[in-house]
1. Kindly evaluate B:L191 against the criterion of being away from every other protein chain (no Cβ under 14 Å) and modelled with pLDDT of 95 or more.
2. Grab the helices (runs of 4 or more DSSP H) fully contained in the stretch B:213-279, keeping just those with 2 or more residues being crowded, with 19+ Cβ neighbours inside 10 Å, more than 10 Å from every other protein chain (Cβ to nearest Cβ) and among the small types (G, A, S).
3. Considering (1) outside any loop (DSSP other than H, G, I, E, B); (2) farther than 25 Å from A:E284 by Cα; (3) at pLDDT 95 or above; (4) in contact with a strand residue (DSSP E or B) (Cβ under 7 Å, 6 or more places away or on another chain), say which one A:R218 fails and leave the rest.
4. In the stretch A:157-184, what count of residues is obtained for those that are out of contact with any Phe, Trp or Tyr (no Cβ under 9 Å at 6 or more places or on another chain) and under 30 Å from A:D203 (Cβ atoms)?
5. For the stretch A:309-327, state whether one or more residues are within 14 Å of chain B (Cβ to nearest Cβ) and of a type in the set (A, V, I, L, M).
6. Would you point out which residue out of B:K110, B:K162 is more than 14 Å from chain A (Cβ to nearest Cβ), basic (K, R) and under 17 Å from the mean Cα position of the chain (by Cα)?
7. Quick check on my filter: what residues within the stretch B:21-33 are at pLDDT 95 or above and either in a loop (DSSP other than H, G, I, E, B) or surrounded by fewer than 21 Cβ atoms within 10 Å (Cβ to Cβ) (or both)?
8. For the stretch A:285-311, which residues satisfy the criterion of being surrounded by fewer than 19 Cβ atoms within 10 Å (Cβ to Cβ), within 16 Å of A:Y264 (Cβ to Cβ) and in contact with a Phe, Trp or Tyr (Cβ under 9 Å, 6 or more places away or on another chain)?
Amino acid sequence: MIDTIYVEKEIEEHPRTRSILTRFKGRREILVERYGEVFNKRSQNFRLQKRNPSLIIAKKHTGHILSTPQGFGIGGAKNFYFSHMINCVYDCRYCFLQGMYASANYVLFINYEDFISEINNLIFKHPEDKLTFFSGYDCDSLALEPITGFASFIVPSFKEYSSAEIEFRTKSTQIEFLLSIEPVSNCIIAYSLMPEIESRALDHKTPSIEKRINAIKRLAAHGWKIGLRFDPLIYGQDWEKRYQELFDTLFSSIPRGSIHSISYGSLRFPKEMFKAVHKLYPEEKLLSTIFPGDMDTVGYKTEIEDQMTRFCKNAFSRIFSEDIVFKCTTEATAP
Amino acid sequence: MNDYPAIRWVVALKPEARIIRKNFNMSSSTQNSPYPLFKNASGQHWLTISGVGRINAAAATIYLYQISKAPPWTIWINVGIAGSGGSPIGSLYLIDKITDFSTQLSVFPKPALSVSIPRSSLLTLDAPGENYSRDQLFDMEGYSFFEIASKLSCQQLILVLKIVSDGPDIDFRSIMSKNVSELVARHIEVLSNVVDDLASVSKIEYDRLHIPDAYNSIVTKYHFTETQKHQLKKLIIRWRALFPERKPVDEIVNTNNASMALKALRAGIDSYKIKWDKK
């Protein structure tokens, strides 16, 4: 339960700020000049702050939309990402956000119009290219949707952008608004998935895999295009058996025509980020079984990585056309 | 485990210290120190009396840090009296915003506390003031204390607690020493709860940051170079996560030197395959 909300003075009276504040009864509101005063200060502790994060309502001034790292994409000519929030309500032990910021507070940027305006500019600048925009890089796209209303603000705009696609990456089952509107054909709802047992051990505070699959089924039945994201792939005893079971469950319950794309990638962290995450959670088994590799990353040993990606490639190629299956490469570290 | 929990108290006045010292069984520690110093028998609680003002608060906090060898999982607490324009005398507040009057800079304490205490903003003044406002408290130490303590521990383990002692109807000059002690005494149970509560949070930091005992037992067994010591530390941390029931020292019984010891630990870790259903 969020008990403290910091609000930048500049947007104190913004209607979205006022509306969000009314959702939290009994919370303490504290005014700040800029969100950097309370977010990511060096002496903050991500792990301890994660026990009771505060919400910070802020305005994003620059860098609304950024290019994705090399190797991150689902077939678009140019790929961009954006986040209307920093940090996530979930607490997944492989998430790079743990090592990215010293603070676990949620920052919500409420100037949604500026995100749309930047997207417009980019589409105008690249009229010949198919652009893909990824939402949910520094946060979960839908987890706080009932409070933020970000997706419901942005999705309808994409009806007009035939040359672009938008992906909302999520683990959330907050899908009511998506079920209440007509599906938008260039909008993909992409779910991060792994076998239930691994998820129980690593995906803290998230909906179970079973619940995610149920949400996928409902979205697909409503006509939304679905992305399936197996990134990171998690290694351990019986991993093949469990991933196969997961694939079988998914592919037997979701109509093939609803699946827009599948992507997969091995667990990996940039070295410096890994150091920070491992220092925060030294008792975490997952982090004790990955090692620095040849590139500037930390991950499973090459033979394990190869074994896992080969397994996925084979499993997917038996069912799907190659052009909807994507392997995330080392440079791209997805949340 | 004498360095856990580690609690360090910084108070401005003797009468504020009196009740805290008594409650946590602290007695005078040294005679010739720049700030009066007290600690309990186990050395887990330390307290210093800074005197009034920002510079005193900052200097006393640093002094206490050094003299008590406060580890990074230390809980830092500043308790003191404060002025208020609107709150009843004797009310206790957890401070969540402190503004330095002279620079107008603010800091935002947010300890990882589950005990519920009413919250307030605080303005740290350079000199006693009489312009009481309703929406914040006034003191002369809070900002400096928090600013310095934030460099010594993580913010989630730092608390600033203020008890309203004066206001428009009660002049700060008229506050008697006895009254101050009584005000603190009124909240001593809350202070105890706060310590217990934060101690459990601080344990997470202790477990995370203290050097494992296994490291000390192995590093004295053979000659380790500095690089090897670093490698050993990392391997023991991984070992502890993967094999909490197995002592690393038992794994190196058949080794003759540092290099072999590292190799033995590395081999164990390399061959480990997580059983997720047993986690």
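The values are calculated or read from the model by the stated rules, or taken from the named source; none is laboratory data. In this text, all values refer to a predicted model and were calculated from it rather than measured experimentally. When we count neighbours, we look across all protein chains shown, and the Cβ atoms used for this are built from the backbone with ideal geometry, even at glycine.
1. yes
2. Working: elements: B:213-219, B:226-242, B:248-251, B:258-270.
So the answer is B:258-270.
3. Checking A:R218 against (1) outside any loop (DSSP other than H, G, I, E, B); (2) farther than 25 Å from A:E284 by Cα; (3) at pLDDT 95 or above; (4) in contact with a strand residue (DSSP E or B) (Cβ under 7 Å, 6 or more places away or on another chain), the one that fails is (4).
4. Result for the stretch A:157-184: 6.
5. No, that holds for no residue.
6. B:K162
7. Of the stretch B:21-33, the ones at pLDDT 95 or above are B:21-27.
Listed by number, the residues that qualify are B:K22, B:N23, B:F24, B:N25, B:M26, B:S27.
8. Hits for the stretch A:285-311 are A:I304, A:Q307, A:T309, A:F311.
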